[in-house]
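Structure first, commentary second.
The values are calculated or read from the model by the stated rules, or taken from the named source; none is laboratory data. Nothing here was measured: the structure is a model prediction, and the numbers come from that model. Positions of Cβ are generated from backbone atoms using ideal geometry, with glycine treated the same way; all protein chains shown enter the neighbour counts. Each accessible area value is taken on the protein alone, full model and side chains, heavy atoms only, with ligands, DNA and RNA left out. Shrake-Rupley method; radii C 1.70, N 1.55, O 1.52, S 1.80 Å.
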Amino acid sequence: MKKTTSTLKKIMLLFFLSYSLIGYGQHFIVTLDNFMSTSNTFEVDVILIIDSPAEGVRLCGFNTGINFNPAILDGGTPCTTPNCGSWSMIDGSTAPEITANGGLNPWNMTTRNTYDQLRIVQAPKVYSLVDLVAGSYRIGRFRFTNTVPWAVDSDPELWLQPTNTNPTGSTNTIVWSAPFGTLSPVIAATTTTVLSSVTLGYTQGSPLPMLRLLNSSLATESVQASEQIATAFPNPFSSTFKLNLTTVSNELVQVSVYDMLGKLIEDFKVESNGVNSFTFGEKYAAGFYNVKVSQGDRTQVLRMIKQ
């Protein structure tokens, strides 16, 4: 009887050890989206996608580092102390599911450090978080302000930091979570943990692609205005979204929807006065979608997020 009990205890211990090591099968994608800039600022969304398990997780904390090309500063000297204003999260930009019941932490450190990296640090706060089902959530929309205009025609080359060893002192990407509906164990998931439980949307070898360079020598605002064909709402969406045509042209409108892997989901042509009668997304899985809208010789791509 003692031998059986001893064996059972060993099996249970091995089970719980394995459970902790594999991080209860969780997987996250951390990515950037909806980049926009002015002559001396840029904004970008930091998005967390809970890929697995299917029931979701209890999110406990988050941090990441966004690297950038220092040449864009053009002699500017943004401040580097925590929460000094050069690098800040825009109020109200965090997904409501995350802010419910207290949010990640009352203390949210945003810093531009000396390694040409924008740091986002939100310490774990297990006791006040709600459970998040699998889906996409905006950690926040962040703004970087330079003290002078960006270097003309410069590329910010934004990418997410996978480790805290290169450059020294940088902030790596970590997602702290516990199993759905529980407070423990809290697992720190990174790009290098067992099962590679965090995937980064943009890396040093493949930085965030820019549709236009910063402080372009072209008349950026007039180009943007002439290319706008439609708006989409709501975004992010939980069930469906609609398009609203903003042009006065009567030409046919081509609408094509692609998923994150570039797979064509929907593709059709419609009369200009019938675009807003369509709804999209009811059968889409949670994630990112590119909606390509074309009319005549103009094309616009809208990035949509289904939660």
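Laid out as a table, the results:
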{"item": "Filtered residue count, the range 232-288, keeping only those that are in a strand (DSSP E or B) and among the basic types (Lys, Arg)", "result": "2"}
{"item": "Number of positions in the range 116-132 that are touching a residue at least 60 places away in the same chain (Cβ under 8 Å) and within 16 Å of the chain's Cα centre (by Cα)", "result": "3"}
{"item": "Number of the exception - Thr168 against (1) surrounded by fewer than 18 Cβ atoms within 10 Å (Cβ to Cβ); (2) modelled with pLDDT of 85 or more", "result": "(2)"}
{"item": "Residue in the range 269-295 that is nearest to the chain's Cα centre (by Cα), counting only those that are over 20 Å from Leu252 (Cα atoms) and among the aromatic types (Phe, Trp, Tyr)", "result": "Phe288"}
{"item": "Unmet requirement for Gly281, which otherwise passes all of (1) within 29 Å of Ala134 (Cα to Cα); (2) open to solvent by 60 Å² or more (accessible area, probe 1.4 Å)", "result": "(2)"}
{"item": "Which listed residue is open to solvent by 10 Å² or more (accessible area, probe 1.4 Å), within 19 Å of Ile49 (Cβ to Cβ) and touching a strand residue (DSSP E or B) at 6+ places or on another chain (Cβ under 7 Å), from Gln307, Gln254, Gln300", "result": "Gln307"}
{"item": "Of all residues in the range 66-105 being outside any loop (DSSP other than H, G, I, E, B) and in contact with a helix residue (DSSP H, G or I) (Cβ under 7 Å, 6 or more places away or on another chain), the one that is nearest to Val130 (Cα to Cα)", "result": "Asn101"}
{"item": "Positions within the range 137-150 being surrounded by 20 or more Cβ atoms within 10 Å (Cβ to Cβ) and either out of contact with any Asp or Glu (no Cβ under 9 Å at 6 or more places or on another chain) or not in a strand (DSSP E or B) (or both), in sequence order", "result": "Asn146, Trp150"}
